[in-house]
Amino acid sequence: MNVAIVKYNAGNIYSVVNALRRLGVEPVLTDDAEQLQRADRVLFPGQGEARSAMNYLRARRLDEVIRSLRQPVFGICVGQQLLCRHSEEGDTDCIGIFDAEVKRFSPTRHEDKVPCMGWNQLYDTRGPLLTEGHYVYFVHSYYVPLCADTAATANYIQPYSAALQRDNFYACQFHPEKSGQAGELIIKKFLEL
């Protein structure tokens, strides 16, 4: 299977590479449009800042390439956020697969810390990748509000989209590559779509 990971100067890419290798897949890390278009599966993971990430993608026209992909695409963490319409982080227009605006968490109590870090439970799951009640690992300051494309909900300060799905685009705010067996199962199901 030909699996490509979008290279866009984001952090935390190699934990996804290692997760794929544990499943017997040797991915290619690329910002080459043709390689992304030829891949059987495309992963769009990373940690980073929305504006600089989108600047890198736009400079290489990768935002257009990602929008045009017809094979299964999986956005992880900032990858999920960049697949949305707009992000409050840097007041940034994003790729626009999901019609949602990424918001910054606003703590309402002293014990609400930003970034949100740690394990949280998925509920109201739908779609082929996710399992109701699984605990997965999150690290994020921004979130996608609940919307028509919400595929799983988590709760931190308020309920929000832990995962999204529209057509061939799948995305999650959490890190499946750092979520033990539950996360490995999600990646495996994505590869088997």
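The values are calculated or read from the model by the stated rules, or taken from the named source; none is laboratory data. Fair warning: this is a prediction, and the values are worked out from it, not measured in the lab. Cβ sites come from the backbone with ideal geometry, for glycine too, and all protein chains shown count toward neighbours. These accessible areas exclude ligands, DNA and RNA; they are computed on the full protein's heavy atoms, side chains included. Shrake-Rupley method; radii C 1.70, N 1.55, O 1.52, S 1.80 Å.
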Please give the number of the condition Val65 fails out of (1) over 15 Å from Pro145 (Cα atoms); (2) modelled with pLDDT of 95 or more; (3) not in a helix (DSSP H, G or I). (3)
Considering only residues that are among the small types (Gly, Ala, Ser) and more than 29 Å from Leu191 (Cβ to Cβ), which ones fall in the range 101-133? Ser106
Here are some conditions: (1) open to solvent by less than 30 Å² (accessible area, probe 1.4 Å); (2) in a strand (DSSP E or B); (3) touching a Phe, Trp or Tyr at 6+ places or on another chain (Cβ under 9 Å); (4) without any contact (Cβ under 8 Å) to a residue 60 or more places away in the chain. Arg85 meets all but one. Which one does it not meet? (1)
Could you please give the count of residues in the range 109-153 that are among the polar types (S, T, N, Q) and within 20 Å of Ser87 (Cα to Cα)? 3
